[in-house]
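The values are calculated or read from the model by the stated rules, or taken from the named source; none is laboratory data. Just so we're clear, the structure is a prediction, and the values are computed from it rather than from any experiment. Note: ideal-geometry Cβ built from the backbone for every residue, glycine included; neighbour counts use all protein chains shown. Ligands, DNA and RNA are excluded from the accessible area calculation, which covers all protein heavy atoms including side chains. Shrake-Rupley method; radii C 1.70, N 1.55, O 1.52, S 1.80 Å.
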Amino acid sequence: MNEKLIFLLILPIFLFASQADIIKLATKKELFNTNEWKALVHYNGDFKVRDNKFLLSSPHTLKNELIATLKAFYLPSNYYKNINEHPQCKFPARYLFLTHELNVSKQEFPNIQCPDLKIYEQKAPADTISLVFASENVKSPISMMGHTFLKFSGVNIQGKEVHHAISFYTVLQSANPLTLLYQNTISGMKGLFALQPYKLVAQNYTQKENRNLWEYQLKLNKYRKQLIYYHVWELKGIDMKYYFTSYNCSTVIYNMLSLANPKVFNDYKIWITPLSSVKILYKYHLVQQAKLFPSKTWLSKMLEDTNQDKETLKEKTIDISNYKSPSKIPDERQFTLSYFYENKHKYMKLSFLPASHLLNDYNREYFGESELKIAYFSFILNKEKIDLNEFTLYGMKLYLPYSKVSHDLSYQFELTIKKEFTRNENRLNTLKIDGGIGIDFLPFYDVNIFALLNGGMGYNIEDKGHILLNPQFGLTIYEVFHMKSLLYIEPYFINKNFSYFRYKLEHNIFLKKNLTLYFNFEKIEKKRNLLNYECGIKYLF
């Protein structure tokens, strides 16, 4: 009896000594500075998730969070009324990572049974994990850059093969651009993290929204697969703020892929987009296999482009490895430096696009010609002044070739402040909201011809508030030696009165996939002819 009593008295001392040794070892190895730990706590310069249900430390630091997590793993089972609230149950990925990196047995910690986690393992198994890319829809602000999410596939406890989609997203509560800007930069939007049957999600994208789904099965060992699988569980019920630029669906995917390969974490970009996630997969050789589940429109256009019919699909599998693919799209961030001549004034022009692409880019991997500007800005400067040339909060152009199969129309919309010519032929900063609809034809594989009726509202200090109308006619040509030219003709009306004609020619030479040399020429014709031209270099990264 006395021996049992002595054992019970000294047991906490051994446990405390073991806990202290484990914490000392973890801090000595600086596990809190590893890329996996930063990905697990969603840290990149600061903590992106600040829910107290997710962060255990105070104040929040990487080291404090590591120590707090290890201490929490030692808490006895009777510390919580609901055993599922025990940190071993809530943070199985952290638990797996720390025991693996410290090379210690889980027997070092209290043996905690986690019923809810067990149900998750039984009902949503992940024998394979895939990243899924839903193609972009530039006409919709919420899906203008595409979407990425995870797919779990496996055999459940009943012996049935099941597939689940795991996605982080938001629902827009307002279409007001100023509200969206405030939410994106300051308040954030409510982030929703959902696990759903994959079939329903796939049908919504391919049938209802008419978007492609590209599935990339990840090449993972057992340990890396479990880290991702358990980290999904850790995000269940956590308050996560969604920001279009700094914390979106692809930011969460970026953290997941950092668990697949820690080197991914070092590839952080200003704005991680869905296409960035796809490119990361190929850069770090994480693709086991890739599959495409096309929308009806994409499939019809692909068959039309390749001179095949639907009967072909019944007889064989079509190799599309050399066809349009997200992995082949050029990088989405771009910086330009140019010489700009404007009506006898000479400037240097600097431009930056933090995400997506322009109409004069190499857009072969898209159907039709398109443009998506988000927070694009450019400045002009010389010895006398520095001035804003353009700031576009959101701008899109989508020129889809009309055909007997698709009957597609073309669209464009822009919310911008840019220098425009007034009725008196002065070039002033003008606030504009305009858009249009029209039609595009593809008479030859390398030539697009389009016509759009555009209109909107504008304001500048000379014309004040005004209605504008600017129908546009033009063409794009892909030429030999990796070149592309665009030609526009645009009559411009302000408050129903004709103001001027604009002619513009843009010529681009694609030196490399990420480097373009370009020349632009613009003529404004009314009482007097105004000539502007520009030559520069564009770098994509």
Total charge dipole magnitude, region 433-541, about the Cα centre, Cβ charges on Lys, Arg, Asp, Glu only, Debye to nearest 20: 200
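Ranking request for peptides 71-77, 239-245: highest mean number of other beta-carbon atoms within 10 Å first, then the rest in descending order.
For the peptides 71-77, 239-245, the packing ranking is 239-245, 71-77.
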Reachable aspartates and glutamates, given that their alpha-carbon falls under 15 Å from the alpha-carbon of Lys385 and they are not under 8 places away in the same chain: Glu342
Among Ser130, Leu531, Ala260 - extreme Cα towards positive end, dipole of the chain, charges at beta-carbon: Ala260
Check: the chain dipole with +1 on Lys, Arg Cβ and -1 on Asp, Glu Cβ, in debye: 580
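Given a 1.4 angstrom probe, I'd like the percentage of the accessible area of the chain that is carbon and sulfur, rounded to a whole number.
58
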Gain upon complete extension [Asn424, Ile437; 0.36 nm per residue less C-alpha separation]: 1.9 nm
Long-range amide H partners of Tyr394 with built H, under 5 Å: Ala375, Leu415
Candidate aspartates and glutamates for bridging to Lys81, where Cα separation is under 18 Å - those fewer than 8 sequence places away on the same chain excluded: Asp116
Extension gain, Leu388 back to Ile477 (0.36 nm per residue minus Cα-Cα distance, nm): 29.0 nm
Neighbourhood net charge (11 Å Cβ-Cβ; Lys/Arg +1, Asp/Glu -1) for Asp267: +4
Region 387-541, relative contact order [Cα under 8 Å, separation at least 6], %: 13
Lys/Arg +1, Asp/Glu -1 at C-beta; the chain dipole; positive extreme among Phe521, Leu400, Leu350: Leu350
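Return the calculated 222 nm mean residue ellipticity for the chain, to the nearest 500 deg cm²/dmol, obtained by summing -39500 (n - 2.57) across DSSP H runs with n ≥ 4 and dividing by the residue count.
Per the formula, -7000 deg cm²/dmol.
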Residues whose placed amide H lies under 5 Å from that of Asn389, excluding near-sequence neighbours: Ser378, Phe379, Ile380
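With +1 assigned to the C-beta of every Lys and Arg and -1 to the C-beta of every Asp and Glu, and no other charges, what is the dipole magnitude of region 91-225 about the Cα centre in debye, to the nearest 20? If you can, show how the numbers build up before the last one.
On the way: 15 positive and 9 negative charges, 27 e Å.
Dipole about the Cα centre, nearest 20: 120 debye.
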Residues of region 212-253 with amide N under 16 Å of the 7 Å Cα→Cβ point at Leu181: 244-245
Residue-by-residue Karplus 3J(HN,Hα) for region 198-208, coefficients 6.51, -1.76, 1.60, Hz, glycine and proline x: 5, 4, 5, 5, 5, 5, 4, 6, 7, 9, 7
Count of Lys pairs (Cα-Cα under 16 Å; at least 8 positions apart or interchain) in region 105-224: 8
Segments 413-422, 48-57 sorted - mean Cβ within 10 Å per residue, highest first: 413-422, 48-57
Per residue solvent-accessible surface (Å²) - the chain, probe of 1.4 Å: 50
Simple spin-label estimate for His100 and Tyr339 in nanometres, 7 Å along Cα-Cβ: 5.6
